[in-house]
Every structure is written in C-alpha cells, then in structure tokens.
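A quick write-up on the structure given underneath.
The values are calculated or read from the model by the stated rules, or taken from the named source; none is laboratory data. What you are looking at is a predicted structure, and each value in this text was computed from that prediction instead of being measured. We place every Cβ from the backbone using ideal geometry, glycine too, and count neighbours over all the protein chains shown. Ligands, DNA and RNA are excluded from the accessible area calculation, which covers all protein heavy atoms including side chains. Shrake-Rupley method; radii C 1.70, N 1.55, O 1.52, S 1.80 Å.
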Amino acid sequence: PNWSAMPGGTRKLDGAHWLAAGPLVVMVEQARMRHDARKGEEETFVAPFTPGQIAVSEDYRALVERQAAGLCKGSSMEAGRSGSGSSGLAIDSYIEGSRWLAELHRRIGSGVTMQVRRHLDRDNARRAIPVRVLVDMVLVQGKTLSDVLRAYGWAKTTIHLRMVRGELCAALDRMQGYKD
C-alpha cells in the first residue's frame, strides 16, 4: 500500500483515513525512506526496532496515558464482567493497570545511559540520561532520539544516537520479559 509518513507521528494510506502511528513506527518508516533514497536493496534493510519492541512500546504508551487520565467522573463503573467472578468495576481495572505499569517500570530499571565522565566534562552542560526518562520521552511524549540528546546537552552524533537507541532497545526487550 502507498503510505505517507507525516510529521507528528501520523501516517496516511492514500484514499483512506488517517491512522496514528507510534514513535517507533515513525522511526522505522523514516529509516526505510533513508534506505530507499540510497537505492538500497529491499533485502538489506534492517529495521531499527523489532515488531515486538514496537508492540510493547504502543502498549506502554496506551497504559501510561490511561493511568494518567485516572478514573474520570462520569465514566462507566462497569469495565466489563469477566468470568472469573470479579466485580468488574473500573477501579479494579485501574488498580490492575497500576500494578502492570509498576512492573514495567521495574523492568525498565533505574539505570542511566550516556553517563557523564566528570574528569572530562567539568565545564560541560551534559547530564546523564536516565533510562526511564529516555523511554518516557520517546514513547509517551513522542520525542526523537535527537531531542532527548539535545535536552540533556549531548551532541547529535552517530555514536551518541547508536548508544541511546541501543539502550532504548534493551529497555524495550526487558519490558517484553527478555533479559530480565
């Protein structure tokens, strides 16, 4: 199909309605367009993110947004009854979402990427980038890897972009349950 990737994380199928695309889908499509512009062979294209990483990123983004919205006044108190005998109240769904979000945060970890070397960076404005902040900036806020680097005072270089993307991929793998 003929897809058009648009700024802001949206994509359009010509002759169809607009679909929201997550940040990682946009990054994969941008990488594919750069590959095609260099006249690369289709078989040699390697996506920067796997389908599993993209799926967990979209689930994480939806969960964070749902939990941030909380239980809005006027929302239905019935979340759908399950056959397990639970009451099915919205508060139960909200609590379960909170538990799952806490588990994902535990899997992301409290580490940092792009550690500042104090003896070399005394007068530099660079700061270490916490992995959880990296995940939230990219997946929830829709920032690019370059935006994350810029926000923490790092130059946009190929090496820095690879390091940050590698840490993001590792966090996404941990969120899926790999390398726990």
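Annotations
- Taking 10, 44 and ordering them by how much accessible surface each has at a 1.4 Å probe, largest first, produces 44, 10.
- Two-site label geometry, residue 10 and residue 151: point separation in nm, points 7 Å out along Cα→Cβ: 2.3
- Ranking 133, 116 by solvent-accessible area of protein heavy atoms (1.4 Å probe, all protein chains present), from largest to smallest, gives 133, 116.
- Ranked by the mean number of other Cβ atoms within 10 Å of their residues, highest first, the peptides 57-69, 142-154 come out as 142-154, 57-69.
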